[in-house]
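To start, the structure under review is shown below, and the notes come after it.
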Amino acid sequence: MLAYVIRRLLATVVVMTVVAFVVFSLLYLTPGDPAAVIAGDAATNEDIAKIRANLGLDEPFLVRFGAWAWALLHGDLGTSIFTRLPVTTLIGQRVEPTVALTLCTLFVAVAVAVPLGVIAAAKAGTWIDRIVMGFSVLGFSLPVFVLAYILILTFSIELDWLPVQGYRNLSEGAWEWLRHLVLPSLALGTVYMALIARITRATMLDVLAQDYVRTAQAKGLAPGKVLVGHALKNAAVPIMTIVGIGIALLISGAIVTETVFAIPGIGRLTVDAILRRDYPVIQGIILIFSATYVLINLAVDLSYMLFDPRIRY
């Protein structure tokens, strides 16, 4: 297994190199000039040219990419064009809200969707199954921002149960921290829940049709033990796969959710950086997201062995 992990980590280096080159190239070719944004509407061409020279934006592509890649190899993601702070510092200041939102959403989605998928499979063809599948279709159909505004209107404005927007650090109290995460987690996690519930149901239906499950039922084992101890354990590999892939949905959805709920996380930082054309910040965020996604997939692959002893690396 160690050799497999080393091969995957080496492959990650290759993937990140390609991602870094593509991201830098795309931003280089993107229309718009951060120097013009910094200079303002009243700036002259000379003023903009001076800013471009100071920032090194007038250098050839390969020179700029080489300097950026060399700094990257030394753990330096660059400096923000606008705030003049290191990109690592900016991301570090915003990482807590995004991690908290992602973990809460992941927990709620898995805790709700997996039991719903198991129940729908066990009650296939009944009204319970149709309700669960109807919920999943609705979850797929509603855009995140529409659901977010519906939740705000219902639970914050009409019922006054939860705050409309904002974020509280965990150090300010667990209750306030949790109250500010409930609505964003529901808005972000609904699509994710619908996806996991559908995959769980389909996988469980396939497993429940296997001979060993029928044998367990014929032996008189309790239905719950057959579902959880036999069927769900053998259906875990596809479910774990979709959970890992769904992390990408959470990351992309967090940008919209943090904007709607005014959460000062990496999603908001990404939007601000794009509007300002703050290229070093955009590049740093994409690289960190890509590396996180690759490492999560590696962890998911390794977790297969816990559920299926036949899998060896």
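At a Förster distance of 35 Å, what's the computed FRET efficiency of Ile288 paired with Ala124, Cβ-Cβ distance as r, to 0.05?
For Ile288 and Ala124, the calculated efficiency is 0.25.
In deg cm²/dmol and to the nearest 500, what is the mean residue ellipticity at 222 nm of the chain if only DSSP H runs of at least 4 residues count, each as -39500 (n - 2.57), divided by the residue total?
One gets -24500 deg cm²/dmol as the mean residue ellipticity at 222 nm.
At most 16 other Cβ atoms within 10 Å plus a DSSP loop assignment makes a site exposed; report the longest stretch of the chain without any exposed trypsin sites (Lys or Arg not before Pro).
124-218
Report the calculated FRET efficiency for Val15 and Leu138 (r = Cβ-Cβ distance, R0 = 30 Å), to the nearest 0.05.
0.25
How high is the FRET efficiency from Ala218 to Ala111, r the C-beta distance, R0 35 Å, rounded to 0.05?
About 0.65, to the nearest 0.05.
Enter the accessible area per residue of segment 163-219 (Å², integer; probe 1.4 Å; all protein chains in place).
50
Specify the inter-centroid distance of segment 1-69 and segment 119-182, based on alpha-carbon positions, in whole Å.
Cα centres, segment 1-69 to segment 119-182: 38 Å.
Give me the percent of the accessible area of the chain that comes from carbon and sulfur atoms, probe 1.4 Å, all protein chains in place.
Ligands and nucleic acids excluded, carbon and sulfur give 69 percent.
List the residues whose amide H sits under 5 Å from the amide H of Thr79, counting only those 5 or more places along or on another chain, with H placed 1.01 Å from N in the peptide plane.
Those qualifying (amide H under 5 Å, at least 5 residues apart or on another chain) are Val87.
At a threshold of 8 angstrom on Cα-Cα distance, excluding pairs fewer than six apart, so keeping six or more, what relative contact order does the chain reach in percent?
Relative contact order, the chain: 26 percent.
Rolling a 1.4 Å sphere over the protein heavy atoms, what is the accessible area per residue of segment 24-155, to the nearest Å²?
57
For the chain, what are the DSSP H helices with axial Cα length of 24 Å or more and mean Kyte-Doolittle hydropathy of at least 0.0?
2-29, 87-122, 174-208, 236-260, 279-307
Multiplying the sequence separation of Leu27 and Met1 by 0.36 nm and subtracting their Cα-Cα distance, what value in nm do you get?
Contour length minus Cα-Cα distance gives 5.5 nm.
The values are calculated or read from the model by the stated rules, or taken from the named source; none is laboratory data. Only a predicted model underlies this, so the values are computations on that prediction, with no experimental measurement involved. Neighbour counts are summed over all protein chains in view; Cβ atoms, including those assigned to glycine, are modelled from backbone coordinates with ideal geometry. Ligands, DNA and RNA are stripped out before the accessible areas are found, and what is left, the full protein with its side chains, is counted by its heavy atoms. Shrake-Rupley method; radii C 1.70, N 1.55, O 1.52, S 1.80 Å.
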